[in-house]
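The values are calculated or read from the model by the stated rules, or taken from the named source; none is laboratory data. Everything numeric in this text was worked out from a predicted model, so none of it was measured. Here Cβ is always computed from backbone atoms with ideal geometry, including for glycine, and neighbour counts include all displayed protein chains.
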Amino acid sequence: MTATFVGMPAFPAAARAALADTQLRHNLTHATHTIRDKRARVVAEVPDWEELRQAGADLKDAALLGLDRHLEQLEEALVARGAVVHWARDATEACRVVVQVVRAHGADEVVKVKSMATQEIGLNEALAAEGIAAWETDLAELIVQLGDDLPSHILVPAIHRNRAEIREIFRRRMAASGRPAPDDLSDDPSELANAARLHLREKFLRAKVGVSGANFAVAETGTLVVVESEGNGRMCLTLPEVLVSVVGIEKIVPTWADLDVFLRLLPRSSTGERMNPYTSMWHGLTPGDGPEEVHVVLLDNGRTRALSDRVGRQALRCIRCSACLNVCPVYERVGGHAYGSVYPGPIGAILNPLLRGVGDDPQVDSLPYASSLCGACYEVCPVRIDIPSVLVDLRSQVVDAHRRGRPRAEAVAMRSAAWTLSDSRRLARAERLSGRTGRWWTRLAQLPGPGRRWTSARDLPEPPAESFRAWWRRTRP
Ligand code: SF4
């Protein structure tokens, strides 16, 4: 993939350009409505769905509360089973580890399972800079990679493409990176899938190194879990001699019993299925079976920053199901590219500012405003992330960051009013003064300047000449 999100314009400008693309809107509406209808049907089958959501939220919160302990337990369990554990503070450190492992085995290519964490750190670009080719093996990721495109959805990265566009990409681009597409390729989904299967098969059989992420990491057993729909993930996890997994530290679940809840929540919320087609689990090395060397990179890259945010830390519960994207009226109209990140939609609007911080990048600062605050995302989220509340809190953080510590005139006025109103003698004095001079203050507020700006959308009633308390004293001596 040569395209990059770096340097993307702020959300309003990117959204305006996306809104002009009617084909994009048509593709998105069709795809998001199909997935959300499927989700609604299978969720309705579960009588205790709300209790399950609450359990998912509580388990994730408990895991994050003891994150330091659970991570050390995970490392211990992984090392005991023969894996090598690396800790990466940021994207640069994580990419460096993966490059070193690939270089140590003399490889110049890797096969990849679909992984948001590796996209977040720009791993493909870092590998390409070292002359190492990274082949995406998820069908949608392959479409994005061959089209020099960018992912626009968490679960279906090529959601903005229709079948005819995909056929054209395969016909034009497959030959440049391996087995070409058949000359008579049609836009029939089974033909497209078969062309991708044949194209990828030779890469699976040839690659020495596989790269993955993980949906979950079970601390007590050192088990990494990948859920996927196509079986390509299992090929990447088992065929190459070496496996490197880049895992965000928030993926931790303390026990096997906890995993049960998430494996019930995730497929229904993401693809609208009762069970996931492929759930692969591995813990370290198994002699004679699968890779002979396993590396696990535990990635921070802003997660501890997000964890320190009292309101925003709930975003780390996210299990990347994408249900919030499929119901979002803003996402449905502008698509994923407008968010300028591998994390688009409502979760992207909070996760990007939380991971990267606000106040430095106008693109990141624009994201908390990319929402109508309708609350649909909160209603479908399987781990009950209150995205609207986090958005509002982030908006206040953006405003504060740009204020750079200088109090605004309105804030000074409000603080003075609070000081006056909190003491009865001060209030009585202010009432006497306003009774005598109030008329002039009201007129002053009409003059050009901050007063007129403030009153342009607010009423400033003229204070009465005599306050209620003065009237009470005068009439009831
Ligand atoms: S925020 Fe909730 S609904 Fe959105 S992707 Fe994450 S878990 Fe799914």
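General observations
- For Gly345: the one exception among (1) more than 14 Å from the chain's Cα centre (by Cα); (2) under 25 Å from Asp61 (Cβ atoms); (3) surrounded by 24 or more Cβ atoms within 10 Å (Cβ to Cβ): (1)
- Picking from residues in region 263-293 that are out of contact with any Gly (no Cβ under 6 Å at 6 or more places or on another chain) and hydrophobic (A, V, I, L, M, F, W, C), the one that is nearest to the ligand (Cβ to nearest atom) is Leu266.
- Meets criteria (farther than 21 Å from Ala140 by Cα, of a type outside the set (D, E, K, R), modelled with pLDDT of 95 or more and buried (at least 24 other Cβ atoms within 10 Å of the Cβ)) for Val211: no
- Scanning region 348-361 turns up no residue that is touching a residue at least 60 places away in the same chain (Cβ under 8 Å) and polar (S, T, N, Q).
Each row is one residue, and each column tells you yes or no for (1) in a helix (DSSP H, G or I); (2) without any contact (Cβ under 8 Å) to a residue 60 or more places away in the chain; (3) not hydrophobic (A, V, I, L, M, F, W, C).
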residue	(1), (2), (3)
Gly56	yes, no, yes
Leu59	yes, no, no
Leu71	yes, no, no
Val85	no, no, no
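- In region 230-243, residue nearest to Lys203 (Cα to Cα) [restricted to those that are touching a Leu at 6+ places or on another chain (Cβ under 9 Å) and in a loop (DSSP other than H, G, I, E, B)]: Leu239
- Of the residues Val46, Val42, Val6, the single one that is buried (at least 16 other Cβ atoms within 10 Å of the Cβ) and either outside any helix (DSSP H, G or I) or not small (Gly, Ala, Ser) (or both) is Val42.
- Residue within region 304-316 that is touching a Ser or Thr at 6+ places or on another chain (Cβ under 9 Å) and either of a type outside the set (Gly, Ala, Ser) or within 14 Å of the ligand (Cβ to nearest atom) (or both) present: yes
- When each of Glu431, Glu466 is tested for being farther than 30 Å from Ala55 by Cα, at pLDDT 85 or above and assigned to a loop (DSSP other than H, G, I, E, B), the lone residue that passes is Glu466.
- Checklist (1) under 25 Å from Cys377 (Cβ atoms); (2) more than 16 Å from the ligand (Cβ to nearest atom); (3) of a type in the set (Gly, Ala, Ser) applied to Gly248, failing item: (2)
- Figure legend. Inter-residue proximity from region 296-324: first residues closer than 30 Å to Ala31 by Cα and of a type in the set (S, T, N, Q), second residues in a loop (DSSP other than H, G, I, E, B) and within 7 Å of the ligand (Cβ to nearest atom), beta-carbon distance below 9 Å, spacing 6+ or different chains. Indicated pairs: Gln314/Val383; Gln314/Ile385; Ser322/Ile154.
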